[in-house]
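Encoded as structure tokens, the structure appears first; notes follow it.
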Amino acid sequence: MTQTVTNAPETQAAPPEAVEVQQPELPEAADRGTRAGGGQIDILLDTSMTVSVCLGETDILVRDLLQMGPGSVVKLNRLIGQPLDLYLRGIKFATGQLVVVGEQLGVRIKEILPPPAPGG
């Protein structure tokens with residue numbers, strides 16, 4: 001299908017130019033469906049992601065913050081034994097318990113949370 005379009009800017013006094021425009025004929029994309037197992041998902045399975053653990057929070061006045069130094073203690077809002085929150089890309093996805101693994105801290109997963117509602 002061929003159309004003729006007139007290109008006439010209002011500020012131009014010269015006669016308008018005719019530009020030929022054609023509707024492209026593109027092949028329709030084939031529906032390949034989803035493949036079971038393997039495929040492109042394997043690429044994602046070896047991708048590293050950072051998991052963050054929140055021990056707790058507190059509100060503190062700037063005046064008190066500026067007076068802190070070595071040895072100062074910040075009291076958090078979390079009780080002993082209360083589950084910790086685990087985050088992936090800023091989204092809470094699980095809760096867990098603080099544990100010691102050799103010489104390091106760890107978190108034992110207690111619950112995997114359902115995905116957040118869309119838009120929430």
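The values are calculated or read from the model by the stated rules, or taken from the named source; none is laboratory data. Just so we're clear, the structure is a prediction, and the values are computed from it rather than from any experiment. Cβ placement follows ideal geometry from the backbone for every residue including glycine, while neighbour counts extend to all protein chains displayed.
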Enumerate the pairs (first residue in the stretch 80-93 and outside any strand (DSSP E or B); second residue anywhere and at pLDDT 95 or above and surrounded by 14 or more Cβ atoms within 10 Å (Cβ to Cβ)) with beta-carbon separation below 6 Å, excluding pairs fewer than 6 apart on the same chain, so at least 6 apart or on different chains.
PRO83/THR95
Out of GLY102, GLY81, GLY119, GLY90, report the one residue that is loosely packed, with under 13 Cβ neighbours inside 10 Å and closer than 14 Å to VAL51 by Cα.
GLY90
Subset of the stretch 51-70 that is of a type in the set (S, T, N, Q) and in contact (Cβ under 8 Å) with a residue 12 or more places away in the chain - its residue that is farthest from VAL99 (Cα to Cα):
THR58
Checking the structure you have, find out if any residue of the stretch 30-51 is assigned to a loop (DSSP other than H, G, I, E, B), surrounded by 10 or more Cβ atoms within 10 Å (Cβ to Cβ) and at pLDDT below 95.
no
Step by step: first the residues of the stretch 58-76, then only those that are surrounded by 10 or more Cβ atoms within 10 Å (Cβ to Cβ) and in a loop (DSSP other than H, G, I, E, B), then the one that is nearest to the chain's Cα centre (by Cα). Which residue is that?
LEU76
Residue tally, condition polar (S, T, N, Q) and either within 17 Å of GLN82 (Cα to Cα) or at pLDDT below 95 (or both), over the stretch 53-71
1
